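The values are calculated or read from the model by the stated rules, or taken from the named source; none is laboratory data. Computed from a predicted structure; not experimentally measured. When we count neighbours, we look across all protein chains shown, and the Cβ atoms used for this are built from the backbone with ideal geometry, even at glycine. The accessibility values were calculated without ligands, DNA or RNA, using every heavy atom of the protein model including side chains. Shrake-Rupley method; radii C 1.70, N 1.55, O 1.52, S 1.80 Å.
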Amino acid sequence: MKTTTQILPGVRALGWVDCAKLPRRVDLHGICQMPVAVLTDITPVEFFGEPECQCVTEKESGRSTDTATLRFRCADMLPTASVALGFVVTDQSGKSWLIGCSEHPRPTIKGYIDFCTPMGDPGGYLYEVSHKALKSLVPCVI
């Protein structure tokens, strides 16, 4: 099994989108290395600290699968109960990437409440987003 990892060079901006409003078969755009047009509202996420975004590609038995992972802290709770969320991540070079698709499987979101410590560590909400698909972390145009 071969594995490659892609790590973005620092996250400049982050926003969430409703997966139901994304174009169909985003993964096929990613395989063809065609940017996907995100033609829906992107709600900005005001994060703090250093968000982490990476994509691991695994090749086994002639089949390739991507697993994109995004971790970030923010002060506001995301509407994970009412909307199937996808994420648009913009790196330091200005390139935007999409995590999510309109079909299943959609991203899995784990949310934690983190209370601050007396030593001054930041509190708030900690989110870990994971998306496993044929192609994830697809270049996009916003």
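Filter the stretch 24-51 down to the residues that are among the polar types (S, T, N, Q) and modelled with pLDDT of 90 or more, then identify the one that is least open to solvent (accessible area, probe 1.4 Å).
The qualifying residue least open to solvent (accessible area, probe 1.4 Å) is Thr40.
Within the bounds of the stretch 43-63, is there any residue that is touching a Leu at 6+ places or on another chain (Cβ under 6 Å) and β-branched (Val, Ile, Thr)?
Scanning the stretch 43-63 turns up at least one residue that is touching a Leu at 6+ places or on another chain (Cβ under 6 Å) and β-branched (Val, Ile, Thr).
Within the stretch 68-120, which residues are in contact with a helix residue (DSSP H, G or I) (Cβ under 9 Å, 6 or more places away or on another chain) and not aliphatic (A, V, I, L, M)?
Passing the criteria: Gly86, Gly100, Cys101, Ser102, Glu103, Arg106, Pro107.
Would you tally the residues in the stretch 92-138 being open to solvent by less than 90 Å² (accessible area, probe 1.4 Å), at pLDDT 85 or above and in a loop (DSSP other than H, G, I, E, B)?
Final tally of qualifying residues: 12.
Give Thr80, Thr40, Thr57 a once-over and let me know the one that is of a type in the set (Ser, Thr, Tyr) and closer than 15 Å to Leu137 by Cβ.
From the options Thr80, Thr40, Thr57, the qualifying one is Thr57.
Give me the pairs: first residue in the stretch 12-33 and on the phi < 0 side of the Ramachandran plot, second residue among the aromatic types (Phe, Trp, Tyr), beta-carbon distance under 6 Å, and six or more apart or on different chains, which are they?
Here the result reads Leu14/Phe47; Trp16/Phe87, each pair linking the stretch 12-33 to a residue that is among the aromatic types (Phe, Trp, Tyr).
When the residues of the stretch 37-53 are narrowed to those that are touching a residue at least 60 places away in the same chain (Cβ under 8 Å) and part of a strand (DSSP E or B), which ends up nearest to Ala20 (Cα to Cα)?
Residue satisfying both the conditions and the ranking: Ala37.
Based on what the data block shows, is Glu58 touching a residue at least 12 places away in the same chain (Cβ under 8 Å), of a type in the set (Asp, Glu) and over 19 Å from Arg12 (Cβ atoms)?
Spelling it out, Glu58 is indeed touching a residue at least 12 places away in the same chain (Cβ under 8 Å), of a type in the set (Asp, Glu) and over 19 Å from Arg12 (Cβ atoms).
Please find, within the stretch 57-85, the residue that is surrounded by the most Cβ atoms within 10 Å (Cβ to Cβ) out of those that are closer than 14 Å to Gly100 by Cβ and polar (S, T, N, Q).
Per the stated criteria, the residue is Thr69.
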